[in-house]
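Each remark here refers to the structure printed beneath this line.
The values are calculated or read from the model by the stated rules, or taken from the named source; none is laboratory data. Remember, it's a predicted structure, so these values are computed and weren't measured experimentally. Cβ atoms come from the backbone with ideal geometry, glycine included; neighbour counts cover every protein chain shown. Heavy atoms of the whole protein, side chains included, go into the accessibility calculation; ligands, DNA and RNA do not. Shrake-Rupley method; radii C 1.70, N 1.55, O 1.52, S 1.80 Å.
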Amino acid sequence: MADSPSSNGSTVRSLVLIAVVVIVLIAAFAFTAGWLSPARLTPARLVNALAPPNGPALGFRRNHAKGICFTGSFESNGAAADLSKAPMLAQGSYPVTGRFNLGTPDPKAPDATVRVRGLSLRIVAPDGSEWRTAMINPPFFPVATPQAFYGLLKASGDKTDPDAMKNFIAAHPEFGHFAQWAGSAPWTGSFAQERYNSLNSFIFTNAAGQDQAVRWSFVPAAQPEAVSVDQLKARGDDFLDADITQRVHSAPQRWTLVVTVANPGDPTADPSQAWPDDRRKVQAGTLVVNTIESEPDGPCRDLNFDPTVLPSGMRVSDDPFPAARSAAYAVSFNRRTAEEKDYPRHPAGGDTQ
Ligand code: HEM
């Protein structure tokens, strides 16, 4: 029996509806992926911009690719409990998984060629909540916004325009302060002698519900000793891993957690601006590093030190970086964990250090 005109009409309507749904879904996907807006900054574009000219090192973090794992504890003295009700700021001992690292997308970069050194921590409370933080040794960030960070990556990798960096610096004077720090601050020969800074601002909330903007740093117990870059080059490409392995083997290494409390009006949305030195500081406890483990088989390998993973009593502020970092780190994490075969778990020779 032939279809009636009305059932033909309803079939057409159904097909049109399905087509509309499919088109809307494709458009939503394309929008989210940034295909419709080549100028919009997406997490994938940020991560792509980190890649060196010959492409990323597959299987590795897309930035801070060179690193080594450790385990230890955070010994909280309770002094910051007035600022935040975070469980790991109450007096006690909390397990830590961490990573010392270098600010480069190249996991084989010689240590003496990388200016920025990092410390990443996951501190776990008895209730299972976590404080993840990834800090670096400069006292301020090179740029004020994630958009400017993208601009810096594009300008520094631009082979077509010889003035790209000059123009970038002219438009972003804060980068000059960073270049000054990078050119004049002493280098040390050890991860153990570095001070690591959150640079980003966060909000602490105490048990009474009071909010307070803060930044934090881990200040080394080991006295920093200045070493020239030429001397560091002479120590070989991987002297930092050898040094920290040997130090931790001899004795646990320690850092003091210093929480810096903002005064009203201090810039919280811009990590390129350090707060004045006289701000209130609270020594909240000690990070103790007990064991070093090489990355390929180590406990930090498949961790994402996402700076927005925070316990109750801590939250992000109006600083735009943590959210941008969280999205970019997820892209990097997803890519690198899907490339496991390119970064074998058992290094040649079975050296698990
Ligand atoms: C928009 C700005 C930034 C972008 C796009 C970015 C991007 C990245 C990416 C893709 C990774 C690798 C993540 C992974 O695979 O797990 C990474 C790691 C890291 N970043 Fe950033 N980053 C930014 C800002 C910062 C800032 C402000 C700091 C410090 C204050 C920082 C410190 C670190 C550290 C220490 C690591 C190593 C983390 C680890 O050990 O897994 N980054 N970054």
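Listed cross-link partners Lys66/Lys154; Lys108/Lys159; Lys233/Lys281 are compared with a 28 Å cut-off, the Cα-Cα value being larger for Lys233/Lys281. Within straight-line reach of Lys341, meaning a Cα separation under 18 Å, sit the following aspartates and glutamates at least 8 residues removed in sequence or on another chain: Asp106, Glu295, Asp297, Asp302, Asp351.
Taken as Cα centroids, the stretch 289-321 and the stretch 175-222 sit 15 Å apart, rounded to the nearest whole angstrom. The simple spin-label model puts a point 7 Å past each Cα toward its Cβ; for Arg315 and Asn263 those points are separated by 2.7 nm.
For the stretch 224-353, the square roots a ≥ b ≥ c of the C-alpha gyration tensor eigenvalues yield an a/c of 1.5 or more together with a/b not exceeding b/c, which makes the shape oblate.
Each of Lys66, Lys85, Lys159 has its accessible area taken with a 1.4 Å probe; listed largest first, they run Lys159, Lys85, Lys66.
Of the residues Arg122, Arg235, Arg215, the one that moves most in a GNM of the chain with alpha-carbon contacts below 10 Å is Arg235. Counting only residues at least eight positions apart within a chain, or on another chain, the aspartates and glutamates with an alpha carbon under 19 Å from that of Lys166 are Asp158, Glu174. Accessible area per residue for the stretch 41-346 is 43 Å², calculated with a 1.4 Å probe on protein heavy atoms, without ligands, DNA or RNA.
Shape analysis of the stretch 278-353 places it in the oblate category; the axes a ≥ b ≥ c from the Cα gyration tensor give an a/c of at least 1.5, with a/b not above b/c.
Think of it as helices only: each DSSP H run of n ≥ 4 in the chain is worth -39500 (n - 2.57), and spread over all residues that comes to -9000 deg cm²/dmol at 222 nm.
Averaging Cα coordinates gives a centre for the stretch 84-99 and one for the stretch 117-165; these two points are 24 Å apart. Between Thr113 and Ala222, the contour length at 0.36 nm per residue exceeds the Cα-Cα span by 37.0 nm. Solvent-accessible area assigned to carbon and sulfur over the chain amounts to 58 percent, based on a 1.4 Å probe. Across the stretch 161-178, the residues whose backbone nitrogen lies under 12 Å from the label position 7 Å along the beta-carbon direction of Lys154 are 168. The overall shape of the chain is prolate: from the C-alpha gyration tensor, with semi-axes ordered a ≥ b ≥ c, the ratio a/c is 1.5 or greater and a/b exceeds b/c. Under a Gaussian network description of the chain, with springs only between Cα atoms under 10 Å, the residue in Ser332, Ser312, Ser120 that fluctuates furthest is Ser312. If you take every residue apart from Asn304 with its C-beta less than 10 Å away from the C-beta of Asn304, what net charge results, scoring Lys and Arg +1 and Asp and Glu -1? Net local charge, Asn304 excluded: +2.
Amide H to amide H distances under 5 Å link Gly118 with Asn101, Leu102, Gly103, where only residues 5 or more positions off or on other chains count and H is placed in the peptide plane.
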